[in-house]
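Scroll down for the structure; my scribbles are underneath it.
The values are calculated or read from the model by the stated rules, or taken from the named source; none is laboratory data. All of these numbers come straight from a predicted model, not from anything done at the bench. All Cβ positions, even for glycine, are placed from backbone atoms using ideal geometry, and neighbour counts span all protein chains on display.
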Amino acid sequence: MRAFLDNLRLALGTFLGNPLRSLLTLLGIVIGVATVITMMGLIEGLRTKVNKDLGRLGAHTFQLTKWPSGGFGRFNWAKFAKRPDIDMEDVHAIEMFCPSVGMVAPSDDAGGQKISTASAETRPSVRIIGATTAYPLTSGVSVQSGRFFNDVEALDGRGVVLLGVDVADSLFPGIDPVGFEVRLQNRPFRVIGVLQRRGSFLGMVSMDNQAIIPLRMYQQLYGKEWSLGVDIQAKDPGLFRKAQDEVSTLMRRRHRLDPDQPNDFEIHTNESVTASFNQLSQVITIAGIGVCLLSLVVGGIGILNIMLVSVMERTREIGVRKALGAKRRRILGQFATEAVLLALFGGGLGVGLGFGLVFLGDWMVGFPMSVPPWAVGLALSMSCGVGLLFGIYPAARAAKLDPVEAMRNE
C-alpha cells in the first residue's frame, strides 16, 4: 500500500510538472468519454420520454394499423404499401365479432395543414385528426376547455373542431377560442373545445400542434382511400391478450390469409413500441461505444508517446533509483500508475464535459436527458484500461533499464 501511495505521489508530481503537455495528450480520451456520456444521456432521456408518452395512452389499449411502428428501424415501405387498407367495415366487424373488445376508435390524420381565421393563419404544419367520439378514451387525449363532439355531430360529419394548445395560441392569442369560427380547406368550422397540453413526443414532434374533427367530415375533406388506424380497448385488463388474439384472428380471416402466411397488418402495444425503440437504442449505444473506443485509442497513443518521452527524460532518475535498490516491479508500477492515473484524469474530465453537454441539452431543448450510473462506470473503466494497455510498454522499458547505463545518460 505504501509503495502504491509513493507511486501515486510521484505520478501527481509528474503531471503538475507538465500540465499543458498532459492535457493535450488527454484530448482523445476526453472526447471519447464525453461522447459516451452524452449519447447515453440522450438515449436514457429518450427511453424515459417514450415510457412517459406511451403511458398517456388509455389503459389496456392497443392499435391495429396497416403500417409498422413508425420511425424505429428500417422498413421496406413499398412492401407495406401493398397491404390491404383497414377500413370502417373492419371496424364494424371488430365491434361485432370480438367479444373481449370493449371500445373501438378508428382515426386518420393528415399532416402539413393550415388553419386560418379572418385575421390569422397557422403555418402549414398542423396535424388534422379525424376521429370518433371514443377517441379521447383510447388515445389519452383530454379537453381543457369546451367539450368533445358528440355522437350526432360525429355521425352527421358536422363542421366542428377541437384545437391543440399551439394552434389555439397561434390563432386566438390570449382568449378562449371556443365558439369562434376557423377555416380548414376553405370550409368553416366552429371551435367547440381546446385540448389539454401534452408537450412533445420524444421531445421532437409537438402533440399540441393539431386539431381534431369528426372522422366523417375528415373523409369528406381528404377522401376515404387511406387506411385507418384503430385504437382498441379491451373490456378488462385481464382480457388484453385475448382481445389482441381475437382481433388478429378476425383480420386474418377477413384478409383470407393461409395459416402459413404472415400477418398483413400490425398490432401495436406499449410493449411492442418500447421493444422497437430498445432495438434502435442498442444500435446507437454500440455506435457510441465504437466512437468512444476510436477516440480512446487515439488518446492511448498519446499516452504511449508521453510515457516514452517521460522515460527518456527520467532515464538518469531511474538509474539512481535502481542503484539505490528499487526493484524492477517498483519501477514498472511507478510508470504504469502514471499512465493509468493520466487516463483516469482524462476520463474524469470527459465525464464532466459529458454531464455539462447533457445539462446544456436539457436546459436549451427542454429534453429530459439523464446519465445512467453504469455509463459513468463504463467510461472510466474503458479510459483506465486504455491507460494501462498503452502504458505497459513504456513502463516495462523503464523497468529494464540497466542502472549503470541509465546513470551515465545526460
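Annotations
Let's see how each residue does on (1) buried (at least 21 other Cβ atoms within 10 Å of the Cβ); (2) under 16 Å from GLN185 (Cβ atoms):
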site	(1), (2)
SER116	no, yes
VAL126	yes, yes
PRO136	no, no
ARG147	no, no
VAL152	no, no
ASP156	no, no
PHE172	no, no
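- None of ARG158, ARG190, ARG183 is among the basic types (Lys, Arg) and touching a helix residue (DSSP H, G or I) at 6+ places or on another chain (Cβ under 8 Å) except ARG158.
- Matching option when the condition is surrounded by 14 or more Cβ atoms within 10 Å (Cβ to Cβ), over 13 Å from LEU26 (Cα atoms) and modelled with pLDDT under 80, among GLY354, GLY290, GLY361, GLY300: GLY361
- Selection from the stretch 158-194 of residues that are in contact with a Pro (Cβ under 8 Å, 6 or more places away or on another chain), of a type in the set (A, V, I, L, M) and part of a strand (DSSP E or B): VAL160, LEU163, VAL182, VAL191, VAL194
- Test: residue in the stretch 142-157 that is assigned to a helix (DSSP H, G or I) and free of Cβ contacts under 8 Å to residues at least 60 places away in the same chain: yes
- Test: residue in the stretch 103-124 that is out of contact with any Pro (no Cβ under 7 Å at 6 or more places or on another chain), assigned to a loop (DSSP other than H, G, I, E, B), farther than 20 Å from PHE180 by Cα and hydroxyl-bearing (Ser, Thr, Tyr): no
- LEU349 vs. criteria at pLDDT 80 or above and either assigned by TED's automatic domain parsing to the domain that holds ALA379 or on the phi > 0 side of the Ramachandran plot (or both): yes
- Scanning the stretch 99-121 for residues that are of a type in the set (Ser, Thr, Tyr) and under 20 Å from PHE149 (Cα atoms) returns a single hit, SER107.
- Selection status of SER310, of a type in the set (S, T, N, Q), modelled with pLDDT of 80 or more and part of a helix (DSSP H, G or I): no
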